[in-house]
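Read the figures in this text as sums done on the coordinates, not as results from a lab. Source: prediction; values computed, not measured. So basically every Cβ, Gly included, is an ideal-geometry build from the backbone, and we count neighbours across all protein chains shown.
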Amino acid sequence: MTTVARTGTTAESDNALIEGILAGDALAFERLMRQHNRRLFRVARSILRDDAEAEDAVQDGYIEAHRALHGFRGESRLSTWLTRIVVNQALAHRRARRPSGDGGTDLDTLPDLGNDEIVQTPETQAMRAELRRVIESSIDHLPDAHRTVFMLRAVEGLSVDETAAVLGISAGNAKVRFLRARAQLREALGQHLGTLLEDVFSFDGERCDRIVARVCTRLGLTPTVSPTLPVRGEASTD
């Protein structure tokens, strides 16, 4: 496998993982999934607006990536390459499903809970949970063209160029979509935007374990954990 030389520990770590996976190291592929699960779930979730479908798209993306990894040449970061694969899988899932209507979103003004010095009482924790729900719902109601750009830029912290590469659009287009998405959310949420972005579309350890276990099962690998829910796709050969 030939790779384009890049500097930094990320490139070195990517190369080590790829070499291990291509050598048949199942744990190397599990480490790769655990490193990228959170981002890939969030980007799939931003496209599909459904947790279960997003998990399925991420799993399908890993299956495709595992098969195509021998052709990875390092022209982009491994994370960018994986994200692009999952974006395509999520778009395919969205095209395949039947259209469904969206209900209205309650965007009533809530207290600003962004101050870290607020005492965390059960009441304030409940209010933060409600605020996070409103933010997630507001993101869900962004136009399709803007929603994923916003997640990649504001939540995952990708650069304009990385976002453009992942989505196959120009950097200028990525900038415009992000600015429009942010303006729409600010109009809806006022001062709340930005206080809880790291918490939206939460990705806990159970979901991470479940995705890893299901992908390993489909690939015939042995995961280090067992899924906490029934494994879907056990009989799948794709």
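Placing a label point 7 Å from the Cα of residue 16 along the Cα-to-Cβ line, the residues of region 57-84 whose backbone N sits under 17 Å from it are 78-79.
In sequence order, region 151-163 has phi-based couplings of 4, 5, 7, 7, 9, 8, x, 6, 6, 4, 5, 5, 4 Hz under the Karplus curve 6.51 cos²θ - 1.76 cosθ + 1.60, θ = phi - 60°, and Gly or Pro positions carry x. Phi angles of region 51-62 translate, via the Karplus equation with coefficients 6.51, -1.76, 1.60 and θ = phi - 60°, into HN-Hα couplings of 4, 5, 5, 5, 4, 4, 5, 5, 4, 4, x, 5 Hz per residue; Gly and Pro are given as x. When each of the peptides 43-52, 14-23 is scored by the mean number of other C-beta atoms lying within 10 Å of its residues, the order from highest to lowest reads 43-52, 14-23. Exposure proxy ranking for 208, 216, based on other Cβ atoms within 10 angstrom of each Cβ and starting from the fewest, stands as 208, 216.
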